[in-house]
Amino acid sequence: MREAPVAGEGRLPGMLSLPRLLRGLVLAVVVVGPWVLPAYFLHIVIMTILFAALGCAWNVVGGYAGQLSLGHAAFFGIGAYIPTLLQVHWKVSPWLGILAGGAVAAVAAVVLGWVTLRLQGPYFAIATIAFAEVLRLTALQLREVTGGAVGLTIPYLGHRPLYLQFEEKVYYYYVIAAVLLVVVEMVRRMAVSRFGYYLLAIGQNEMVAETVGVPTVATKVKALVLSAVMTAVCGTFYAQYIYFIDPFSVFGLGLSVEVALVAIVGGLRTVWGPVLGAMVLRPLAELTQGLLGATYAGVQFIVYGGVLIVVILMRPEGLIGGASRLYGRLVGRFGG
Amino acid sequence: MHPEIVLQALVNGVLMGGVYSLVSIGLTLIFGVVRIVNFAHGEFLMAGMYLTYWLWVLTRLDPVAAALVTMPVLGGFGLLLFRVLIGRVLGAPDLAQIFLTVAISLVLQNLALLLFTANYRSVTVEYATAALRVGGVAFSVARLIAFGVAVVLSFLTGVFLTRTDLGRAMRAVAQDREAAVLLGIDPNRIYGMAVALGAALAAAGGSVIMPYFYVFPTVGASFVLMAFIVVIMGGLGNVTGAFLGGLIMGVAESFGILLVGGHGGVMVGFLVLVLVLMIRPHGLLAAPKG
Amino acid sequence: MLEAEGLTKRFGGLVAVDDLTFRVAEGEIVGIIGPNGSGKTTTFNLITGIYRPTSGRIRFCGVDITGRAPHEICRLGIARTFQVMQPFRDVTVMENVLIGAFCRTADPREAREIALNALETVGLSGDRGALAKNLPTAEQRRLELARALATGPRLLLLDETLAGLSPREVDESLELLRKVVRRGVTLVVVEHQMRAIMRLCSRVIVLDYGRKIAEGSPQEVAEDPKVIEAYLGRGYGDAAH
């Protein structure tokens, strides 16, 4: 249960040494490792961390609250476009842009929440797809501002940390690792708070949740806002890291599905599940794309779709609650 | 604004709307009978378009006539898909149902990308630019044919559902699964048939628009979202509602393009969807809960 | 404590609850009986805010709660159980009750204590790690009761909590309910089992077609010709159950 993480602290001093050693080792690898990793693999690691954070953010709405969003690309795209536009047109630093992107994403989440409050299951999913599509089409339509289908390239300034630009990939690694740590810590705290339990109740049965005192509307909107802001921050990072965005890659349905998949495969309603999900799926996607993508476009989505189909057919009921006890403990599942 | 421009937009809207109706009827059938939201419906249309395209490239078969091939082929594919995949998540939680068809859609889209690249492809038939003029308004021959075929097929589907045993069985299952079972109907067979018919209708839609529409791997996405709007507007499993909704959305889109330009059509469509969902969260004709 | 005045609920042409007026005083155990479809559950849904009444008023401890959201009504001190059991299926017993406990406090530690207390009361402490859906019927009913109790209600609405229980389990449940009442909770009970109503309730309200056709002590009601007719008219089976 909840005490699980605390239980480790009270062990005998002699037994502490091994976990401590292990922890030190892991920390060393995490901090120093990236310096020795070849660039290509470091890129995979960075993308994995990015999708882990995205999966954790999605999990707040899609996992804990059980609202199956297929439109998180909307928030990702907002986070990618707003700071980039500010930078391209007014030379505003992306560090400030993050705040603007997060704020716009929060407003978008309130709007989406307000429109979709009463929708269930497939209707909510359709509405979220439509929401992201509207933004994608808007980005396509406003050619003078966004560059339309051509996309936007971020001006290269050399090593300018104040503009979130670095000569070495490894600094991007530290930035996104910090983002993931913050996101995971927020979700971890949320999961054991009243808010987290409210989401859990909503995900199970909204009507009953109301009758045991859960303000479902306010809670759902709050969850959507939290998830949207986290997702937007990831979007900003993505744009700054890749140096290029276009409507399809940041607002597209494919991205929304990938993000959801990370949480579904790793474990819904778990703190670390999406991290594990990303560790499985992202290298798979990057490698298939890297090895085959040049010759065979789209192959990583075929792999993704295939994985998703297999996962669903193996345990159509078990996706939500069937994680084994050991795995449950590993990913910190509720009440495991 | 010139009245002829408005009239032209109306004509274009209705002609396109007929195709939306056809595609939406397929979606609403699957929705109503199998109780599954088929997120891969647009890919049936896309597959129908590619098949039509290759038939034209290889044999110069007219795209409209190609519907006679694409309908049975995609129908069979739909049946297979139901037997192998979709049929296994009936009664499963929303999550499994939604993400299974989304995954199918993702795989089919990217399979198309892999096989045919992202290039826009089109056929050039002789009547591609032909048009009948009535006053200042042009009726594109290709669009007229597409509209005519779509309306005939929609009508035949209606006849099938009301006049044949299989069609009646389908409606029975849609209305009350348990009662249908008591009448000796095997629902699993009916589900498979509904998916097959739905896929065939989408494929027909794909064939008849080929003379004036490009095909590319994600072409189904915009159609399926339009079809969702139509189906939700018309009510779950309501074929007549889907037919009328298709025409309405065709016109709404046409005026959206006229007023906003480019992508305005689809955006107007989504605005309509949002409005409908806000007023009726379970669709226009669905029974209100409580 | 609870006052319903001219309560009416229409669904299209159907009048589910028709001009219903009744009061419940603090400390009472009131039974609501009636044939199937007589409006009992609808009445509960009106009191707890799941439905908005077509007309009429509901007051709770002097506060007008008509049309308030269910979660507000819960916070004011009205909790309920459901005729068709509605535990949060995929989460544990403890978490089910914790969610209820969070109605009273935002502090997880306090909520935990409240939840453990409620589980203790209904005798489910031993099962707190089990998933709710894996519990047998009788335990699921008690889980719903524990979750309702954890919200700290002053008024508890019980919708057929005895359905599907064995005679021994019914006895245990009645004992449990008396214990709840001794702690100062007022009960309104919808029940099909007349014997249980007779044993438990101080006062009974009889509904038929959404109207109140009788009210009084269990004894008086059982002898009322209108009540007998209402039940006999549709077969005595329902009432005898």
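General remarks:
- Unit Cα scatterers, Debye sum, the stretch B:57-115: log10 I(q)/I(0) for q = 0.15, 0.16, 0.26, 0.28 Å⁻¹: -0.62, -0.68, -1.08, -1.11
- For the stretch C:133-234, the set of trypsin sites (Lys or Arg not before Pro) satisfying both a DSSP loop assignment and a count of at most 12 other C-beta atoms within 10 Å is given as C:ARG183.
- Approximate spin-label separation B:ASN119-C:GLU5, in nm, with each point projected 7 Å along Cα-to-Cβ: 7.9 nm
- Number of partner chain Cβ atoms within 10 Å, mean per residue of B:63-76: 0
- Taken over the stretch C:1-128, the alpha-carbon convex hull comes to 139 cubic angstrom per residue.
- Solvent-accessible area lost in complex, 40 Å² minimum, residues of the stretch A:174-213 relative to chain alone, 1.4 Å: A:ARG194, A:TYR197, A:GLN204, A:MET207, A:VAL208, A:GLU210, A:THR211, A:VAL212, A:GLY213
- Within the accessible area of chain B (1.4 Å probe), percent carbon and sulfur: 68 percent
- Average beta-carbon neighbours from other chains, 10 Å sphere, peptide A:110-123: 4
- Per-residue mean of foreign Cβ neighbours for C:87-93 is 6 (Cβ atoms of other chains, 10 Å radius).
- Dipole size of the protein assembly as shown about its Cα centre, with +1 on Lys/Arg Cβ and -1 on Asp/Glu Cβ: approximately 800 debye, rounded to the nearest 20.
- Percent carbon-and-sulfur accessible area, the stretch C:81-160, ignoring ligands, DNA and RNA, probe 1.4 Å: 42 percent
- Cleavage-rule hits, chymotrypsin sites (Phe, Trp or Tyr not before Pro), the stretch B:67-146, DSSP coil, Cβ neighbours within 10 Å at most 13: B:TYR120
- Considering only alpha-carbon pairs that sit under 8 angstrom and 6 or more positions apart, the relative contact order computed for chain C is 26 percent.
- Seen from every direction in turn and averaged, the convex hull around the alpha carbons of the stretch C:87-152 projects onto 3.6 nm².
- Which listed pairs, of C:LYS179/C:LYS212; C:LYS9/C:LYS40; C:LYS40/C:LYS133, have C-alpha distances above 18 Å, in listed order: C:LYS179/C:LYS212; C:LYS40/C:LYS133
- Taking max minus min of the alpha-carbon positions on each principal axis, the stretch A:61-137 gives extents of 42, 26, 18 Å, largest first.
- Contact surface B-C: accessible area buried, both sides summed, square angstrom, 1.4 angstrom probe: 100 Å²
- Residues A:LEU22 and A:LEU157, FRET efficiency given R0 of 35 Å [Cβ-Cβ distance, rounded to 0.05]: 0.30
- Taking all protein chains together and rolling a 1.4 Å probe, B:LEU156 ends up with roughly 90 Å² accessible.
- Restricting the stretch A:61-158 to trypsin sites (Lys or Arg not before Pro) in coil, as DSSP defines it, with at most 11 other Cβ within 10 Å: A:LYS91
- Percent of alpha-carbon pairs separated by more than 27 Å within the stretch A:18-335: 42 percent
- Interface residues in the stretch B:230-272 - accessible area drops by 40 Å² or more relative to the isolated chain, probe 1.4 Å: B:HIS263, B:MET267, B:PHE270
- Heavy atoms of chains B and A lose about 3900 Å² of accessible surface on contact, summed over both sides with a 1.4 Å probe.
- Normalised by the number of residues in chain A, the average gap of Cα pairs under 8 Å and 6 or more apart makes the relative contact order 30 percent.
- Measuring how big chain C is from its alpha-carbon positions, Rg and Dmax come out at 17.5, 54 Å.
- Where the stretch A:161-201 is the region considered: accessible area per residue in Å², 1.4 Å probe: 43 Å²
- Using the Cβ-Cβ distance between B:ALA130 and B:VAL159 with R0 = 41 Å, the FRET efficiency computed as 1/(1 + (r/R0)^6) comes to roughly 0.85.
- When both bridge partners sit in the protein assembly as shown, DSSP labels roughly 65% of those beta bridges antiparallel.
- Computed E for B:HIS2/A:GLU168 - FRET, C-beta separation, R0 45 angstrom, nearest 0.05: 0.15
- The Rg/Rh ratio for the stretch B:3-279 is 0.97, where Rg is the radius of gyration of the alpha carbons and Rh is the Kirkwood radius.
- Accessible area expressed per residue, the stretch B:95-158, with surrounding protein chains retained (probe 1.4 Å, Å²): 46 Å²
- Taking the Cα centre of the stretch C:87-152 as origin and assigning +1 to Lys and Arg Cβ atoms and -1 to Asp and Glu Cβ atoms, the resulting dipole is close to 120 debye.
- Where the Cα pairs of the protein assembly as shown fall when distances are cut into 10 Å bins, in %: 2, 11, 19, 21, 19, 14, 8, 3, 1, 0
- Accessible surface of chain A [probe 1.4 Å, protein heavy atoms]: carbon and sulfur percent: 72 percent
- Sequence-distant contacts, meaning Cα pairs under 8 Å at least 6 residues apart, place the relative contact order of the stretch A:126-250 at 37 percent.
- Listed residue (B:ILE229, A:THR138, B:VAL276) projecting farthest to the positive dipole end of the protein assembly as shown, Cβ model: A:THR138
- Heavy-atom surface of the stretch C:94-241, accessible at 1.4 Å and reported per residue (Å²): 44 Å²
- Where both bridge residues fall in chain C, DSSP classifies roughly 55% of the beta bridges as antiparallel.
The values are calculated or read from the model by the stated rules, or taken from the named source; none is laboratory data. Keep in mind that this is a model prediction, so the values were computed, not measured. As a convention, Cβ positions derive from the backbone with ideal geometry for all residues, glycine included, and neighbour counts pool all protein chains shown. Accessible surface is based on the protein model in full, side chains and every heavy atom, while ligands, DNA and RNA are left aside. Shrake-Rupley method; radii C 1.70, N 1.55, O 1.52, S 1.80 Å.
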